[in-house]
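Each reported figure results from applying straightforward, stated rules to the coordinates on display, with no laboratory input. What you see is a predicted model, and the numbers here were worked out from it, not measured in a lab. With ideal geometry, Cβ positions are generated from the backbone for all residues, glycine too; neighbour counts draw on all protein chains shown.
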């Protein structure tokens, strides 16, 4: 280190390491007293210390290529769903957190793509944004079962509490997705969106009272309810149009309804069955047959009085069951009475002339009365509307019994003889072998 500046003689000389070379500079006059070397000396390498990674110029780690691609896909999903900028930034932040989580850092790229959809769904549910899981699956092109499995794992790994979204929260945005405005379709098919929403909400409320909503995916039920609502608002003209034709008229995305078409058909059948049960309870339709194909014109009357019709239909069903049970009980009592009369005529000789075994064949009157009661039926038969898990119970899986083979089983002589070739088989085998050798 130089002691003084050769220009001004000042001793105020300091080391300046601003540049790539180390320099000694005079503070008073600014002259460069001495410059360092481009390469370090042995003493400098001995006295130097290692610079840690966090103190280097690479203090901020750059995201990997797959994470950057994931950000672009997540932002594209947010723009398709028209989320706000705050929600979009929340989705991106959540996706980065989930991507770097130990549970998802070594999974496949397809699962990471599903993870982006889970982040969008999670933020939408936290903000009460009406988006269904089926919509996210449609945009990603994946199955709802795979999306649901990743979503459960995602919420469990990140410990996220999500508010459940009801089917009524999705109804309004779902109805507005159909292009059924007066400027979009013909006048025969046109329907104001708000009117369609009101009629569909009434049908969904009726379906909830009849246990159709319980445990069901929302999209197939929404499709079925919107289709029935659209038909019921002008039944004379629209009853001839099928569900597929309705989706094409409303310009619904084909992939969204085509994938769940079978489920939509089942929900349509269940809704029409409930409407038929309530339609038969209308007092001005006594004696008139109400079928699923003709119940659509009655939807307006049923929805206006559905509370009273529900109580009336349940009461009529209970009365019908009671009459059937009384009829069956009377019939069984008559049959037992006739059987006992035949037994009395057969055993009409005095008891002292009868065998001891035959004397005990007569039943006391009390036992005959108790035998007239029918065995109790399943409780579900006493109710008109039931949850799906009661009406259509899943079959319990029964594992096929595995044969216990130890290798020590005895082999019968007949089985051993079946493995031994007969004389005709031996001759045929030799003949075939000889022919094969000639052809070879």
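Take residue 69 and residue 322, extend 7 Å from each Cα along the Cα→Cβ direction, and tell me the distance between the two endpoints in nm. Going by the 7 Å Cα→Cβ label model, 7.0 nm. In terms of surrounding Cβ atoms within a 10 Å radius of their Cβ, 204, 420, 167, 80 rank from fewest to most as 420, 80, 167, 204. If you model region 124-194 as an ellipsoid using its alpha carbon gyration tensor, with each semi-axis the square root of five times an eigenvalue, the axes come out at 33, 14, 7 Å, biggest first. Extension gain for residue 145-residue 273 works out to 43.2 nm (0.36 nm per residue, less the C-alpha to C-alpha distance).
Spin-label model, residue 173 to residue 236: label points 7 Å out along the Cα-to-beta-carbon direction sit 3.9 nm apart. Placing R0 at 56 angstrom, the Cβ-Cβ distance between residue 195 and residue 106 gives a FRET efficiency of 0.60 after rounding to 0.05. Panel order for 123, 295, by other beta carbons found within 10 Å of each beta carbon, from fewest to most: 295, 123. Against the empirical curve 2.2 N^0.38 Å, the C-alpha radius of gyration of region 194-279 lands at a ratio of 1.03.
Stretched out straight at 0.36 nm per residue, the stretch from residue 258 to residue 400 would grow longer than its current Cα-Cα span by 47.5 nm. Could you let me know the centre-to-centre spacing of region 168-203 and region 254-289, using Cα atoms, in angstrom? Cα centroid of region 168-203 versus Cα centroid of region 254-289: 19 Å apart. Taking a quarter of the surface of the Cα convex hull of region 109-156 gives a mean projected area of 3.0 nm². Can you compute the FRET efficiency between residue 418 and residue 164 using 1/(1 + (r/R0)^6), with r the Cβ-Cβ distance and R0 = 56 Å? Round to the nearest 0.05. FRET efficiency, residue 418 to residue 164: 0.30. Can you compute log10 of I(q)/I(0) for region 65-165 with the Debye formula, treating each Cα as one identical point scatterer, at q = 0.17 Å⁻¹? Summing over Cα pairs of region 65-165 leads to -0.67.
Arranged from fewest to most other beta-carbon atoms within 10 Å of their beta carbon, 260, 89, 72 become 72, 89, 260.
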